[in-house]
Amino acid sequence: MIAAVQLKDLKKAIDSVSVCVPSRSFIPVLAGLLIEAENKETIRIISNDMEMGVTVKCQANVEETTSIVLPGKLFIGIVRGMIGEIVTINTLPDSLVTEVKSGKSIFKLTGFAPENFPVFPPFQRDKFLTVKSEQLRIGLNRTVFATSNDETRGPLTGVLIEGKGPFLYLAATDGHRLSLHKIKSLNDHVGEKISFIVPSKVASVVMRTIVGERVNVIPGQGEIMFDMDTVSIYSRLIEGEFPEYESVLPTEFTTTVNVNRKIFLEGLERTSLVTTPEEETIYLQIHDGKLSMTCESQGLGLAREEMEIETEGQAVNIAFNSRFLIDCVRVVPWEKVKIGINGEVAPVLIFGDNDDFRHLIMPLKVREEE
């Protein structure tokens, strides 16, 4: 391969592919980056750790359309440290040695044969979902935080993506909270339900990497491809059944709160400053058009704040994990947040004027008042 690439474009490309380049691997080629010429004007840079893979297209001036696998972390470090405008990548004839040059810097790297690098499986493109890129980014941002960190919980460690009619539904739960988001699809699924669970790591990578105006979401046999203008992200899917969630969403409430999102979030963040990872409880008292929030932990002290709210129904004392509550309110898209409550122990629904986003959270046991 002989190719010349703008350094700024190459740096952007390696930022995307670096997410699945392991520092070490029992199979050395898996710790590499496959660099191949697509044509005389484009190179592809590919990483693949066998669970997830990323392909990035990068504009280049290509003189020789061959390919090479270079040591991933080393190549990434070299490119990030370069200061020239153009990077030339030149694989020496009949050799695995590649020269990487920019400005007055030159490196000679020993690579791997490209035929040993694992390729992505072929995807049938006759069944896929198309959504606006920004809408998918927003939807993932409003759900991925609710996934479980416990790898033994299978489906709960990922984001459910369902295509039903003209909409794409995203859902995530760790058993204590449930986050739901609805996106308008740009193509109809002709009545066929498409459903799969994407690992949370992959969902986060897609959210950060999204480029272009549209994303094609292409399911395969136990695999998924997020295909964008210049970036494609491949992943294995999580096996298992995602919990039925529609039936657990309450529709009627004994107490309804309407509160300004910004004021509520700032109050939660201030009050929770005295919490610790072992003591994250926040206590809410709702009565007479007021919301009082209290946090207390041994060794740090107590914080209490009160604010004006709109309420309907019964007064109630209720407690939550403060971090869970803050996670949700941070991504709420409305100026006003509605909180639907049915007593101290039933699941609480956080919602707004439309059903694009809904969040269910389990309360904690309320302490006895002194």
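Each reported figure results from applying straightforward, stated rules to the coordinates on display, with no laboratory input. Every value quoted in this text rests on a predicted model; they were computed, and no experiment measured them. Methodologically, a virtual Cβ is constructed for each residue, glycine included, from the backbone with ideal geometry; neighbour enumeration extends over all protein chains shown.
For segment 334-352, taking the residues that are without any contact (Cβ under 8 Å) to a residue 40 or more places away in the chain and within 25 Å of the chain's Cα centre (by Cα), the one that is surrounded by the most Cβ atoms within 10 Å (Cβ to Cβ) is identified as Val348.
Output the residue which, of all residues in segment 119-137 that are among the polar types (S, T, N, Q) and in a helix (DSSP H, G or I), is surrounded by the most Cβ atoms within 10 Å (Cβ to Cβ).
It comes out as Gln135.
Just so you know, in segment 311-333 the residues that are free of Cβ contacts under 8 Å to residues at least 60 places away in the same chain and in contact with a helix residue (DSSP H, G or I) (Cβ under 7 Å, 6 or more places away or on another chain) include one that is farthest from Glu280 (Cα to Cα), and it is Leu325. Take the conditions (1) on the phi > 0 side of the Ramachandran plot; (2) in contact (Cβ under 8 Å) with a residue 40 or more places away in the chain; Gly103 misses just one of them, which is (2). Per the conditions (1) outside any loop (DSSP other than H, G, I, E, B); (2) closer than 30 Å to Gly53 by Cα; (3) touching a strand residue (DSSP E or B) at 6+ places or on another chain (Cβ under 6 Å), the sole criterion not satisfied by Lys201 is (3).
The set of residues from segment 230-249 being touching a residue at least 40 places away in the same chain (Cβ under 8 Å), surrounded by fewer than 18 Cβ atoms within 10 Å (Cβ to Cβ), under 21 Å from Ile183 (Cα atoms) and not aliphatic (A, V, I, L, M) comprises Pro243, Tyr245.
As a summary of the residue check, Leu140 satisfies the conditions (1) buried (at least 16 other Cβ atoms within 10 Å of the Cβ); (2) among the hydrophobic types (A, V, I, L, M, F, W, C); (3) assigned to a strand (DSSP E or B) except for the one numbered (3). Scanning segment 9-58 for residues that are over 19 Å from the mean Cα position of the chain (by Cα) and of a type in the set (Val, Ile, Thr) turns up Ile27, Val29, Ile35, Thr42, Ile43, Ile45, Ile46.
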